[in-house]
Amino acid sequence: MTDLYRLFVESILSQNIALMFILGMCPLIAVSTSVKNAKGMGIAVIFVVSITAMINYPIYLLLRATGTTNIQLLVFIATIAATVQFLEMFIDKFFPALYNAFGLFLPLITVNCAILAVSLFFVNRTYTFVETTTFAVGSGIGWALAIILVAGLREKMAKTSDVPKGLAGKGIVFIVLGILSLAFIGFTGLVS
Amino acid sequence: MKLIRLKYTKWFNISKNGLSQNNPIAIGVLGICSALAVTNRVENAIAMGLGVTFVIVASSLMVSMIRRFIPPRVRMVTYMVIIATFVIVVQLFLEAFFPIIAAALGAYVGLIITNCIVMGRAEAFAAKNPMRFTFYDGLANGLGYTYVLILVALVREVLAFGTILNYQVMPDGFVNWTVMAMAPGGFFVLAIFIWIIRELTNNYELQQ
């Protein structure tokens with residue numbers, strides 16, 4: 001139980017998938033211009049990453065049993081694309097209010113590498129199903145945390161700071177990310 | 001006279017776009033994940049750059065070849081399957097011939113699939129252009145990506161380990177700057193790199 005708890009906290013803080021493994025950067029930089037959008041994107045990622053990891057795990061077991069792990073990439077990406085499409089239709093039909101809040105971000109998620117990475121990491125690290133689920137939910141929350149933090153800083157920065165011309169726009173986001181990343185290293189060893 | 005005319009050909013424009021004007025990493029800020037995660041060693045950067053170049057060229061060619069037969073509604077899924085196929089080729093090749101580099105790159109080889117550059121070139125260029133231009137565009141973008149990766153990796157490897165391609169270049173008293181090998185170092189080096197390129201090319205991004 002403590003192992004699961006540690007895995008969960010580590011995947012949010014000291015092993016944060018966005019700040020430590022540098023995954024899902026394209027959407028993180030593109031969508032973090034306002035806190036409102038960042039929240040929508042973050043929630044969408046938490047949903048999709050948890051669901052796809054849980055679906056991909058039994059599929060991986062099937063591939064391993066039949067000795068066809070060579071095509072795991074193709075299968076995983078197909079699962080992710082199909083899940084995202086299904087979620088979009090499902091939410092649009094049954095929860096229109098929710099769809100207005102973050103439905104716009106769902107199609108973008110297929111090309112978010114954090115989603116595919118979680119599915120590849122559980123293969124590389126030989127997690128069990130429970131560990132995979134914990135890791136996936138934690139990673140989703142960690143990614144959402146990172147994008148909301150960056151968006152908050154960018155909103156403040158747009159009003160008050162005098163950014164050098166060459167760094168304006170996306171360049172300064174990397175400096176912000178670097179400092180956040182340094183701070184998150186500080187969480188190492190929080191849960192022993 | 002010939003040189004001046006060369007400036008206006010499509011070939012010249014394609015290479016200028018890929019290598020400097022619209023460099024996928026420095027100006028487009030695409031494909032950052034792999035650009036930062038694997039650049040703590042120069043050898044990893046070279047392997048990753050060449051792998052991505054191969055995937056861009058091969059998948060763009062394929063998309064361009066069948067562009068008239070892809071129904072617009074399912075084009076994204078089609079691109080995805082084509083790209084995934086070539087990524088599997090790269091992955092198997094690295095595992096068979098360069099097992100050490102394959103182990104160091106780990107899951108990041110598989111993540112070439114979600115590299116926005118590959119998808120971006122398929123959608124923005126290959127779907128509209130004949131094969132010979134597509135081939136050249138893929139090559140220019142792939143090499144534009146590779147040289148930025150290698151430059152970033154050079155700075156990071158020298159500062160983090162004091163070596164280049166595992167040969168010691170720094171004097172004995174050099175204290176390794178370990179944080180450069182970790183994520184923050186990558187972010188800072190790339191930010192400075194973008195700054196330099198934008199100042200040199202006078203290509204500034206307007207403040208939103």
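Based on DSSP H runs of at least 4 residues, each adding -39500 (n - 2.57), what is the mean residue ellipticity at 222 nm of chain A after dividing by all its residues, to the nearest 500 deg cm²/dmol? Display every interim value, and only then the final one.
Numbers: 9 runs with 142 residues, N = 192.
Helix-only estimate at 222 nm: -24500 deg cm²/dmol.
Sequence gap at least 6, Cα distance under 8 Å: using those rules, report the relative contact order of region A:1-148 to the nearest whole percent.
On the way: 160 pairs, mean separation 72.3, N = 148.
Computed value for region A:1-148: 49 percent relative contact order.
For B:LEU30, list long-range residues whose amide hydrogen, built 1.01 Å from N in the peptide plane, is under 5 Å from its own amide hydrogen.
B:ILE25
Where the only charges are on Cβ atoms (+1 Lys, Arg; -1 Asp, Glu), what is the dipole of the protein assembly as shown about its Cα centre, to the nearest 20 debye?
It works out to roughly 1380 debye.
Mind checking which helices in chain B clear 30 Å along their axis (Cα) and have mean Kyte-Doolittle hydropathy of 1.0 or more, DSSP H runs only?
Membrane-span-like by this rule: B:42-65, B:75-97, B:131-161.
Based on alpha-carbon centroids, what's the gap between region B:190-204 and region A:23-44 in Å, whole number please?
24
Quick check: from the Cα gyration tensor, does region A:1-96 come out rounded (a/c under 1.5), prolate or oblate?
Oblate.
If I model a spin label as a point 7 Å beyond the Cα along the Cα-Cβ vector, how far apart are those points for A:MET157 and A:MET89 in nm?
Here the modelled spin labels are 4.1 nm apart.
Mind running the shape call on region B:97-208? Use the C-alpha gyration tensor, a ≥ b ≥ c as the square roots of the eigenvalues: rounded below 1.5 for a/c, prolate if a/b tops b/c, oblate otherwise.
Because a/c hits 1.5 or more and a/b fails to exceed b/c, region B:97-208 counts as oblate.
Taking each residue of A:70-77 in turn, how many C-beta atoms of other protein chains fall within 10 Å of its C-beta, and what is the average?
Per residue, the number of nearby Cβ atoms from other chains is 5 on average.
Rank B:ALA107, B:ALA58, B:ALA122 by mean-square fluctuation in a GNM of chain B with C-alpha springs under 10 angstrom and give only the top-ranked residue.
B:ALA107
So how strong a dipole does region A:32-137 carry about its Cα centre when Lys and Arg Cβ are +1 and Asp and Glu Cβ are -1, to the nearest 20 debye? If you can, show how the numbers build up before the last one.
Values: 5 positive and 3 negative charges, 22 e Å.
The dipole of region A:32-137 has a size of about 100 debye.
Taking square-rooted eigenvalues a ≥ b ≥ c of the alpha carbon gyration tensor, is region B:9-157 rounded, prolate or oblate, where a/c under 1.5 means rounded and, failing that, a/b exceeding b/c means prolate? Don't skip to the end; give the middle numbers.
Details: a/c = 2.11, a/b = 1.33, b/c = 1.58.
The shape class here is oblate.
Taking the Cα centroid of region A:115-156 and of region B:56-90, what is the distance between the two, rounded to the nearest whole Å?
28
Between region B:163-185 and region A:81-112, how many Å separate their Cα centres?
Using only Cα atoms to place each centre, the spacing works out to 45 Å.
From the backbone phi of region A:45-55, what are the Karplus-calculated ³J(HN,Hα) couplings (6.51 cos²θ - 1.76 cosθ + 1.60, θ = phi - 60°) in whole Hz, Gly and Pro given as x?
5, 4, 4, 5, 5, 5, 5, 5, 5, 5, 6
Using the scaling law 2.2 N^0.38 Å as the reference, what is the normalised Cα Rg of the protein assembly as shown?
0.98
For region A:5-19, what does the Karplus curve 6.51 cos²θ - 1.76 cosθ + 1.60, with θ = phi - 60°, yield as ³J(HN,Hα) per residue in whole Hz, taken in order and with x for Gly and Pro?
Going residue by residue, I get 4, 5, 4, 5, 5, 4, 5, 7, 9, 6, 10, 3, 5, 7, 8 Hz, with x marking Gly and Pro.
Most mobile of A:VAL163, A:VAL35, A:VAL84 per a Gaussian network model of chain A (Cα springs, under 10 Å)?
The residue with the greatest mean-square fluctuation here is A:VAL163.
Amide H of B:ILE164: which non-local residues (sequence gap of 5 or more, or other chain) have their own amide H closer than 5 Å, using H built in the peptide plane?
When sequence neighbours closer than 5 places are left aside, the close amide H contacts are B:VAL169.
Within 10 Å of each Cβ in peptide B:114-121, how many partner chain Cβ atoms are there on average? Round it to a whole number, please.
Across B:114-121, the average partner-chain Cβ count within 10 Å equals 4.
Just to verify a number: FRET efficiency for B:ALA124 and B:MET170, C-beta to C-beta distance, R0 = 45 Å, to 0.05?
Working from the Cβ atoms, E equals 0.60.
Dipole of region A:110-192, Cα-centred, from +1 at each Lys and Arg C-beta and -1 at each Asp and Glu C-beta, to the nearest 20 debye?
260
Past 26 Å, Cα to Cα: identify those pairs from A:LYS93/A:LYS170; A:LYS39/A:LYS159; A:LYS170/B:LYS128; A:LYS39/B:LYS16; A:LYS156/B:LYS16, in the order given.
As for pairs spanning more than 26 Å Cα to Cα, those are A:LYS93/A:LYS170; A:LYS170/B:LYS128; A:LYS39/B:LYS16; A:LYS156/B:LYS16.
Please turn the phi angles of region A:138-153 into ³J(HN,Hα) values with the Karplus equation 6.51 cos²θ - 1.76 cosθ + 1.60 (θ = phi - 60°), one per residue in order, whole Hz, x for glycine and proline.
In residue order, the calculated couplings are x, 5, x, 5, x, 5, 4, 4, 4, 5, 5, 4, 4, 4, x, 5 Hz.
Please give the helix A:113-124 orientation as an angle from the longest Cα principal axis of chain A, in degrees from 0 to 90, rounded to the nearest 10.
40
Every number here is computed from the coordinates shown, using simple stated rules; none is lab data. Bear in mind that the values here come from a model prediction, so they are computed numbers and not experimental data. All Cβ positions, glycine included, derive from the backbone under ideal geometry; neighbour counts span all protein chains shown.
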